[in-house]
There are 2 protein chains.
Amino acid sequence: MLTSQRKALILDRLRRNGQVIAKALADDLELSEDTIRRDLREMAAEKLLKRVHGGALPLAPDLPDFSARQAVSSEEKRRLGAYAASMIKSGQTVFLDGGTTNAEIARQLPKNLAVTIVTHSPTITGELEHHPLAEVILIGGKLYKHSMVATGAAAMVAIASIRADIFFLGITAIHPVHGFSTGDFEEAAIKRHIAQCSAETYVLATAEKLDAASPCQILPTKGVSGLIVPSDIPKESLTPYRNAGVPIFLA
Amino acid sequence: MLTSQRKALILDRLRRNGQVIAKALADDLELSEDTIRRDLREMAAEKLLKRVHGGALPLAPDLPDFSARQAVSSEEKRRLGAYAASMIKSGQTVFLDGGTTNAEIARQLPKNLAVTIVTHSPTITGELEHHPLAEVILIGGKLYKHSMVATGAAAMVAIASIRADIFFLGITAIHPVHGFSTGDFEEAAIKRHIAQCSAETYVLATAEKLDAASPCQILPTKGVSGLIVPSDIPKESLTPYRNAGVPIFLA
DNA sequence: CAGGAATTTGCACGAATATGCGTATATTTT
DNA sequence: AAAATATACGCATATTCGTGCAAATTCCTG
């Protein structure tokens with residue numbers, strides 16, 4: 001295990017538990033306490049934590065988890081999610097891609113809709129745990145930890161057996177010429193495959209994703225059934241996409 | 001192998017694993033560490049990764065994760081989980097069943113173990129999101145919402161392609177005569193199948209599960225490699241299981 | 001096609017980094 | 001005050017790193 005990775009882990013644990021204990025860390029990571037103490041000393045010097053006898057504490061006490069989560073999901077994303085959820089009809093099969101925006105769709109899915117939700121994101125399934133009517137199909141595969149989605153050959157095969165009515169595609173960038181893109185080749189391939197297995201594909205995009213391009217193209221600009229954007233986006237910044245033939249929905 | 005190809009491979013590996021180690025790359029690609037180090041140096045200059053001593057990390061890996069994790073697991077379950085985690089050796093493939101007890105294993109998995117964790121529980125994957133070395137394979141299928149595990153034919157097929165060294169089986173009841181059981185027929189079938197695909201099967205059981213029976217048997221009493229129970233359980237209540245030939249471990 | 005320039009790779013070696021141990025010191029607990 | 005625990009420092013050792021250099025390969029150009 002890399003040293004900087006270990007320090008990141010200590011910080012993570014500090015955020016989670018509100019404290020770390022030198023002895024416990026040494027135990028857990030199977031390293032000498034000296035090493036841990038050295039880490040803590042250095043991180044304290046970098047003002048990353050507060051060193052105390054026996055371990056370390058966060059510099060500023062953390063906010064409770066729930067308020068923080070509310071904060072990261074912006075009002076903008078909630079509006080997009082609500083709009084997308086309203087497009088879903090009872091009886092349909094919906095493929096939900098990973099990502100925080102699509103998690104909003106799952107969270108706001110009307111409780112009286114009897115739908116089938118397919119996803120390769122375990123995070124999304126968590127959002128649907130308490131939905132009374134949704135039937136959830138989980139696509140398995142090798143897990144990409146940074147985006148928490150299943151990938152690889154197993155995922156591709158499982159996806160091939162699905163026919164979805166709607167696919168809500170998660171992307172990192174949209175560009176009038178370069179289309180819809182994301183940062184990872186493997187993920188792009190998976191997403192493209194899902195789109196091919198779905199009758200319609202919609203993209204939810206917040207303002208900062210417009211007119212940007214990431215390394216790996218998923219679909220060309222006109223490859224989707226619609227683009228859902230916040231209603232407060234300037235009209236003129238949408239015209240390139242309108243001209244490219246993409247139906248646009250304002251949420 | 002072309003240089004640019006190699007660099008792409010390094011990036012890919014970085015995305016997949018969340019880290020790369022210079023030494024390991026040199027070994028795998030059969031190149032000198034110098035070459036790898038040069039690559040990493042150059043890619044760091046191009047802002048493609050973050051160079052650290054020993055290897056490299058993604059640029060912005062660990063945003064604070066505010067997932068609510070008020071671990072309300074009993075001390076008893078934590079002890080069982082810790083014991084089970086200590087049985088796992090680096091390099092092994094471990095199948096983790098769903099359930100709160102098995103979640104404890106995932107949570108307490110030593111951070112320096114390079115293991116492959118297979119699971120059909122999206123909840124378990126969440127516990128492993130920040131493990132630096134664990135490779136996570138998610139088994140997909142139709143999701144049982146009450147226990148949050150993937151089930152059905154798709155899950156059965158996916159499981160059949162796995163060979164695990166250890167399977168930690170989650171159960172709801174153990175009985176000297178009726179064996180290991182759970183409340184759902186489908187789940188029982190899945191669990192039995194996983195056990196068949198694993199070299200060893202262990203069961204973690206808290207006191208209240210002993211001497212009880214649920215409708216659907218998973219395995220007979222002697223069908224497992226070991227039973228892990230809290231050390232404060234009365235010795236005499238374990239003798240029926242000892243007599244049935246089940247190795248017992250006290251955690 | 002010949003020959004020089006640029007790139008790539010591996011090796012040597014001193015410098016930097018990481019880790020564990022022993023020992024002395026500081027802090028907390030009893 | 002004594003015991004237990006935690007800490008800091010110096011030192012030894014093992015990796016890992018960066019640089020200079022040379023050999024091999026590829027590319028370019030006349």
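Quick notes on this structure:
- Among the residues making up the range B:121-146, those that are at the interface with chain A (Cβ under 8 Å from one of its Cβ atoms), touching a residue at least 24 places away in the same chain (Cβ under 8 Å) and touching an Asp or Glu at 6+ places or on another chain (Cβ under 8 Å) are B:129, B:130.
- Residue count for the range B:135-169, restricted to those that are over 12 Å from residue B:119 (Cα atoms) and in a loop (DSSP other than H, G, I, E, B): 5
- Search result, residues across the range A:211-221 that are at pLDDT below 90 and on the phi < 0 side of the Ramachandran plot: A:212, A:213, A:214, A:215, A:216
- Flag for residue B:208 being under 24 Å from residue B:86 (Cβ atoms), assigned to a helix (DSSP H, G or I), of a type in the set (D, E, K, R) and more than 23 Å from the chain's Cα centre (by Cα): yes
- Qualifying residue in the range A:164-175 (condition: within 21 Å of residue B:131 (Cβ to Cβ) and either among the hydroxyl-bearing types (Ser, Thr, Tyr) or within 14 Å of chain B (Cβ to nearest Cβ) (or both)): no
- Single residue of B:205, B:195 found to be of a type in the set (A, V, I, L, M, F, W, C), modelled with pLDDT under 95, in contact with a helix residue (DSSP H, G or I) (Cβ under 9 Å, 6 or more places away or on another chain) and crowded, with 16+ Cβ neighbours inside 10 Å: B:205
- Residue, nearest to the chain's Cα centre (by Cα), within the range B:20-48, restricted to residues that are at negative phi, within 14 Å of chain A (Cβ to nearest Cβ) and away from DNA strand D (no atom under 12 Å from the Cβ): B:48
- Residues in the range A:90-112 that are among the β-branched types (Val, Ile, Thr), out of contact with any Asp or Glu (no Cβ under 8 Å at 6 or more places or on another chain) and under 12 Å from residue A:168 (Cβ atoms): A:101, A:105.
- Criterion violated by residue B:2 - all others in (1) away from chain A (no Cβ under 12 Å); (2) within 11 Å of DNA strand C (Cβ to nearest atom); (3) hydrophobic (A, V, I, L, M, F, W, C); (4) touching a Leu at 6+ places or on another chain (Cβ under 8 Å) satisfied: (4)
- Hits in the range A:147-157 - residues which are touching a residue at least 24 places away in the same chain (Cβ under 8 Å) and either on the phi < 0 side of the Ramachandran plot or among the small types (Gly, Ala, Ser) (or both): A:147, A:149, A:150, A:151, A:152, A:155, A:156
- Filtering B:166, B:162 for residues that are modelled with pLDDT of 90 or more, under 23 Å from residue B:151 (Cβ atoms) and surrounded by 20 or more Cβ atoms within 10 Å (Cβ to Cβ) leaves a single hit, B:166.
- Given (1) more than 9 Å from chain A (Cβ to nearest Cβ); (2) modelled with pLDDT under 90; (3) more than 14 Å from DNA strand D (Cβ to nearest atom), number of the condition residue B:87 does not satisfy: (2)
- Selection of the range A:30-42 for residues being within 9 Å of DNA strand C (Cβ to nearest atom) and surrounded by 19 or more Cβ atoms within 10 Å (Cβ to Cβ) yields A:36, A:39.
- Residue B:10 vs. criteria within 14 Å of DNA strand D (Cβ to nearest atom) and either at pLDDT below 90 or in contact with a Ser or Thr (Cβ under 8 Å, 6 or more places away or on another chain) (or both): yes
- Of all residues in the range B:10-23, exactly one satisfies the criterion of being within 15 Å of DNA strand C (Cβ to nearest atom) and exposed (fewer than 15 other Cβ atoms within 10 Å of the Cβ), namely B:23.
- Test: residue in the range B:216-225 that is surrounded by 15 or more Cβ atoms within 10 Å (Cβ to Cβ) and closer than 26 Å to residue A:124 by Cα: no
- Any hit, the range A:59-67, residues being over 28 Å from residue A:156 (Cα atoms), part of a helix (DSSP H, G or I), at pLDDT below 95 and aliphatic (A, V, I, L, M): no
The values are calculated or read from the model by the stated rules, or taken from the named source; none is laboratory data. All values reported here derive from a predicted model rather than from experimental measurement. When we count neighbours, we look across all protein chains shown, and the Cβ atoms used for this are built from the backbone with ideal geometry, even at glycine.
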